[in-house]
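Peer 1: Please read through the structure below; I'll follow up with questions.
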Amino acid sequence: MNSVVPDTPLTSNPHSLIRERLGDRGAVTVLSATAGYVDAVGFLMLVGLFPAHVTGELVGLTTVFTAGHLMSHPGRLAVIPVFVGALFVAAIVTRSRRNDGKSPHRALLGLMTLALGLCAATGFGQPLHAPVGPLWVLGLRECSMVAAMAFQNAYARDALANACPTTVMTGNLTQFVFELVDITAARLGWDRVETTRARSATRSRFWLVSGALGSFLTGAVLGGYLTRIVGAFALVVPMLAALFLARRESDVRSAG
């Protein structure tokens, strides 16, 4: 099974935000690792920016206009407009593909791959270990990374709606703790109302969010390490990951 083929969601806790489909696990793992990786690269190369969590930039913008706080560089003001603009592109592509009776998933992953490839190419515009490059390089790198995460969010919204988030991990960490408590309660005999199927769903969600969290952290470690060695060229790794998912979507549609 895969994220393109609709499945029946597992019976689960009505308070859970996750209605997992088993075929989503591979995509969730890859995309979570990609988000962690890109966040690490962004933090190191974009003066503390987390491209996968751009809503935090809203706080930065409000402090600029209300408290006189100075941003690290003026280009940070463009983060939210770029993110929103990329989402508009993703929404138009999605609607267009749907109107033609086709899945938009491969196209969204293609846009993500293109954005990450453009970011990796900015490595040619800056000496490998130079602390600061030309402003146009910084701006292009920032815009392409933010756009890539916007396309990832758009893909997850359409293809992984029944899974868990792949960018912001706060919700996954919360879900992880609650599912862990539920599993522990079942093992200790505290839980007398949950059915066997509900317990199975709890374990399934637990492994889903565990995989997302673990992949995100692994990606962040790898991204930070490779950025120190090869700079922006480190973005080739998540670019290849997005290309792999796009190829998988293509194979699935062909098999269907």
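The values are calculated or read from the model by the stated rules, or taken from the named source; none is laboratory data. Treat the numbers as computed from the prediction; the structure is a model and nothing was measured. Note: accessible area is taken over every heavy atom of the protein model, side chains too, but ligands, DNA and RNA are not part of it. Shrake-Rupley method; radii C 1.70, N 1.55, O 1.52, S 1.80 Å.
Peer 1: Mind ranking 37, 225 by accessible surface for me, highest first, 1.4 Å probe?
Peer 2: 225, 37
Peer 1: If you don't mind, another one. Using only the heavy atoms of the protein chains and a 1.4 Å probe, how would 183, 92, 229 rank by accessible area, largest first?
Peer 2: Working: 183 30, 92 115, 229 75 Å².
So, going from the largest accessible area down, we get 92, 229, 183.
Peer 1: By how many nm would the segment from residue 87 to residue 173 lengthen if fully extended, with 0.36 nm per residue of separation less the alpha-carbon distance?
Peer 2: Value of the extension gain: 28.4 nm.
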